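A.B. asks: Before we start, here is the structure in question, set down as structure tokens.
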Amino acid sequence: MTTPNARITASPVPGQRSAMRGQVLIIFALASFVLIGFVALSIDTGFLMAERRQVQNAADVAALAAAKSLFDGNTAQITASAQSYGVANADVPAGNVVVNWPPVSGAYVGHAKYVQVTITKDVEKFFVGAMYTGPWQVAATATAGIDQLRANIAMLALNPDAGGIRAVGNAGISATGDEATIMSNYTLDLTGNVNVSASGYVNANDGFDTTGNITVQGALGESENTPEVPDPLVGTLSAPAIPNCPGRDDAGISVSGNNSETILPGTHVFHGDGISLTGNSTLNIASGDHEFWFCDGASFRMAGNQRITKGVNTRVTMHFIDGNGLRLTGNSSWSLPRGEYYFVDSNVEYTGNSALTRTDVFFYFSGDASMRSTGNGSFGFTAPSTEVYPGYLPGILVFADWNNTETFRWVGNSGTSSGGAIYLPSATMEMVGNSSGRIIQGQLIADRFSFTGNANISVQYQQVIDLSNPRLFLVE
């Protein structure tokens, strides 16, 4: 008879328990082997990935170092520079750092402004070597080069070895407009109570040398080691061809007192003598095209309260060759005729309360020619917007050719208010005393700038000359 709710217990078959234990041990052993394999593989793979990152960083640095040698013009050092940085940062032999200039693969194949570096590194095996005996290595490639970063440069000092932008006293330098930038390929050398400001950047290649109460402020930043900006117009702007003076010699024109004189359209050639106005005299340049030649010491001189008038359609081309140039003194005031004014070993000089003004004019200075102002003299011009001669860039107001190393100087209370670009690639622009300058719409480019005393200059940027900063870029 069976008792209700009784528990029936089955006894294991003899040997079954030991068999089950054996199976568990086998499964555990197999699982442990697989687990250890995964752990080993993860260690080797993790180390491989870490080495890959190191090698990529080393390739990036090596490519930038090679590109820097290219940027500096030291092409013989491109490979050595890349290998030096590659070896130091990837811990590989120099033979594992392969340099290609120009690149042999990627988007920059054949581009001479770019350098490609590939680094290969053998990676140590920890556990994977028990199962895999083949190569275990990583490789990384990087490409770097020189590219142009557009910059709205309102004032540029080109000389990389001397001069720069120098200001002493209570001088003020400002650049306004669309991200307007002040740039010196050398230094900003500032002493006294000097204020330098820009709506863009204030940059120098060789640092800021400051003494006194100095403010340097760029709304977008300041940099003391910006790469040099090369002369933007070499190979783009051409110097005009200046013919020799004609052989003929017209009689000089001299007007004095309250007298007047009219010059009719045509060609006017002066050797030795030129045009001289004194007193309250009046000179009328009749409507039409005029070509003037002032040669062998001849000049155009104005002194006193004289007046010059011109016709509605008067246009002139004036050549001052080996002469005394264009000279204004006293209370002279002249609204120049539209046209071109060429000075070869001759100067523009205005002193006292004299003033020169006009729209649509171009000044060219060659040899020892320059422009100088003292006292309360001033000028206000606007550059031509169309081609003046083959190779001219519209918008250039003043151009001193690359062989001209003279100083263009404004002294005293003199000043300028003009539109266009002043381009003095080998010459100095100097302002002394209370002189002031304001390029209403334009750019200033010179070998160097010097501002002393209470001199102030303000440039309202408008692009005439396309300027860019060369930079090193890691591109791939």
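A.B. asks: Would you pull out the residues with amide H under 5 Å of Ile153's amide H, same chain only if 5 or more places away, H placed 1.01 Å from N?
C.D. replies: It is Thr181, Leu467, by chain and number.
A.B. asks: Please give the FRET efficiency for Leu48 paired with Leu220, using the beta carbon to beta carbon distance and R0 = 35 Å, rounded to the nearest 0.05.
C.D. replies: Details: r = 43 Å, r/R0 = 1.23.
So, using R0 = 35 Å, E works out to roughly 0.20.
A.B. asks: Would you grab the residues whose amide H sits under 5 Å from the one on Val269? Only those 5+ places off in sequence or on another chain, please, with H modelled 1.01 Å from N.
C.D. replies: So Val269 has HN proximity to Asp250, Trp293.
A.B. asks: Taking only C-alpha pairs under 8 Å that are 6+ residues apart, what is the relative contact order of the chain in percent?
C.D. replies: The normalised contact order for the chain reaches 12 percent.
A.B. asks: Report the extension gain between Leu149 and Thr176 in nm, rounded to one decimal, defined as 0.36 nm multiplied by the number of residues separating them, less their alpha carbon distance.
C.D. replies: 7.8 nm
A.B. asks: List the aspartates and glutamates whose Cα sits under 14 Å from the Cα of Lys113, skipping any in the same chain fewer than 8 residues away.
C.D. replies: Partners found: Asp72, Asp147, Glu476.
A.B. asks: At Ser417 and Asp72, where each label point lies 7 Å from the Cα along Cα→Cβ, what is the point-to-point distance in nanometres?
C.D. replies: If labels sit at Ser417 and Asp72, their model points lie 4.9 nm apart.
A.B. asks: Only counting other Cβ atoms within 10 Å, I'd like Thr452, Thr215 sorted with the fewest neighbours first. If you can, show how the numbers build up before the last one.
C.D. replies: Working: Thr452 19, Thr215 12.
If I rank by nearby Cβ atoms, fewest first, I get Thr215, Thr452.
A.B. asks: Say each of Asn403 and Ala107 gets a label point 7 Å from the Cα, pointing the same way as Cα to Cβ; how far apart are those two points in nm?
C.D. replies: 4.5
A.B. asks: Taking the Cα of Arg248, stepping 7 Å toward and past its beta carbon, and measuring to each backbone N in region 282-296: which are under 17 Å?
C.D. replies: 289-295
A.B. asks: Please list, in order along region 90-96, the HN-Hα scalar couplings obtained from phi with the Karplus expression 6.51 cos²θ - 1.76 cosθ + 1.60 (θ = phi - 60°), rounded to whole Hz, x for Gly and Pro.
C.D. replies: Result, rounded to whole Hz: 9, 6, 10, x, 4, x, 8.
A.B. asks: Something else: What do you get for Rg/Rh of region 222-279 when both radii come from the Cα atoms and Rh is the Kirkwood radius? The partial results should precede the final answer.
C.D. replies: Values: Rg = 22.4 Å, Rh = 16.6 Å.
Computed over Cα atoms, the ratio is 1.34.
A.B. asks: State log₁₀ I(q)/I(0) for the chain at q = 0.08, 0.11 Å⁻¹ as given by the Debye formula over alpha-carbon point scatterers of equal weight, solvent excluded.
C.D. replies: -0.64, -0.94
A.B. asks: Also, I was wondering about something else. I need the calculated FRET efficiency for the pair Glu387 and Thr262, taking r as the beta carbon distance and R₀ as 22 Å, to the nearest 0.05. Please report the intermediate quantities before stating the final value.
C.D. replies: Details: r = 31 Å, r/R0 = 1.40.
The calculated FRET efficiency here is 0.10.
A.B. asks: Okay, next question. Starting at the first residue of region 298-305, write each ³J(HN,Hα) from the Karplus equation 6.51 cos²θ - 1.76 cosθ + 1.60 with θ = phi - 60°, in whole Hz, x for Gly and Pro.
C.D. replies: Each residue of region 298-305 in turn: 5, 8, 10, 10, 10, 9, x, 10 Hz.
A.B. asks: Quick one: grab Rg to one decimal and Dmax as a whole number for region 176-273, Cα atoms only, in Å.
C.D. replies: That works out to 24.8, 61 Å for Rg and Dmax.
A.B. asks: How far apart, in nanometres, would the label points at Ala80 and Asn280 be if each is projected 7 angstrom from Cα along the Cα-to-Cβ direction?
C.D. replies: 7.9
A.B. asks: Kindly write out, for region 471-476 in residue order, the coupling ³J(HN,Hα) from the Karplus curve 6.51 cos²θ - 1.76 cosθ + 1.60 (θ = phi - 60°), rounded to whole Hz, with x marking Gly and Pro.
C.D. replies: With coefficients 6.51, -1.76 and 1.60, one gets 9, 8, 10, 8, 9, 9 Hz.
A.B. asks: Are there GluC sites (Glu not before Pro) in region 323-389 that DSSP puts in a loop and that have at most 14 other Cβ atoms within 10 Å, and which ones? Please list the in-between numbers first.
C.D. replies: On the way: sites: Glu340, Glu349, Glu387; in loops: Glu387.
Here the sparse-neighbourhood loop sites are Glu387.
Every number in this text was worked out from the coordinates using simple rules, so none of it is lab data. Owing to the predicted nature of the structure, the values given are computational and were not obtained by experimental measurement. Heads up, the Cβs are rebuilt from the backbone with ideal geometry, glycines too, and the neighbour counts pull from every protein chain shown.
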